[in-house]
Every structure is written in C-alpha cells, then in structure tokens.
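Structure first, then comments.
The values are calculated or read from the model by the stated rules, or taken from the named source; none is laboratory data. The shown structure was predicted, so the numbers you read here are calculated from the model rather than taken from an experiment. All Cβ positions, glycine included, derive from the backbone under ideal geometry; neighbour counts span all protein chains shown. Only protein heavy atoms, including side chains, enter the accessible area calculation; ligands, DNA and RNA are left aside. Shrake-Rupley method; radii C 1.70, N 1.55, O 1.52, S 1.80 Å.
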Amino acid sequence: RMSRHAQQLRDHDTNPCLAETDASTRCMDDNNYKKDMCTAYFLKYKNCRRFWHEIMMQRRRNGVKPEMPSAEERKKMLESMG
C-alpha cells in the first residue's frame with residue numbers, strides 16, 4: 001500500500017507534472033541512471049513545476065480554491081494557450 005503522500009504524488013488532480021515525472025524516471029531506468037542522458041526530461045519536468053507553481057501562487061494570492069486547478073481544468077487552460 002502506498003503512503004498518503006505517495007498517493008497524492010500519483011494523483012493527476014494534485015500533481016500537474018505526473019507525465020514529466022514518469023518520463024524522467026523511465027529515461028533514468030532505460031539509461032542505467034546516467035543523468036546526462038536525461039537532461040531534456042529533467043528540463044521539461046523543471047519547467048512544468050515552475051509553470052504550475054506560478055499558477056498556484058497566483059491563485060493563492062487571489063483567494064482561489066483549490067490552489068491547484070484540477071486535471072480537467074489544467075487541460076482546458078493549456079488548450080486555451082495553444
């Protein structure tokens with residue numbers, strides 16, 4: 001059984017960067033844990049975290065709940081941006 005924290009990290013509604021996390025992990029597994037082989041994946045993850053962290057902080061400042069948009073809401077936001 002996964003811990004509560006682990007479950008939250010695997011939840012699409014609370015973790016907007018799940019796909020990037022999984023891609024980074026897969027890359028590390030496939031390349032025998034040579035970090036330099038996965039730089040692009042790490043960068044995508046970092047950019048994802050930075051982007052959604054900004055959104056979350058903006059929502060927090062504006063008093064919007066929940067602070068992290070749901071997976072469905074995030075999808076619509078990204079689609080509207082092109």
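Points to keep in mind about this one:
- Residue list for segment 13-27, filter: open to solvent by less than 80 Å² (accessible area, probe 1.4 Å) and of a type outside the set (A, V, I, L, M): Asp13, Thr14, Asn15, Pro16, Cys17, Glu20, Thr21, Asp22, Ser24, Thr25, Cys27
- If you go through segment 65-82 and keep only what is surrounded by 11 or more Cβ atoms within 10 Å (Cβ to Cβ), of a type in the set (Ser, Thr, Tyr) and without any contact (Cβ under 8 Å) to a residue 40 or more places away in the chain, you end up with nothing.
- Residues in segment 39-82 that are more than 29 Å from Asp29 (Cα to Cα), polar (S, T, N, Q) and at pLDDT 95 or above: Gln58, Asn62, Ser80.
- Selection status of Arg59, open to solvent by 40 Å² or more (accessible area, probe 1.4 Å), more than 14 Å from the chain's Cα centre (by Cα) and on the phi < 0 side of the Ramachandran plot: no
- Of the residues making up segment 9-39, just one is of a type in the set (Gly, Ala, Ser) and without any contact (Cβ under 8 Å) to a residue 12 or more places away in the chain, namely Ala19.
- Scanning segment 28-41 for residues that are closer than 18 Å to Leu9 by Cβ and either more than 16 Å from the chain's Cα centre (by Cα) or surrounded by fewer than 16 Cβ atoms within 10 Å (Cβ to Cβ) (or both) gives Met28, Asp29.
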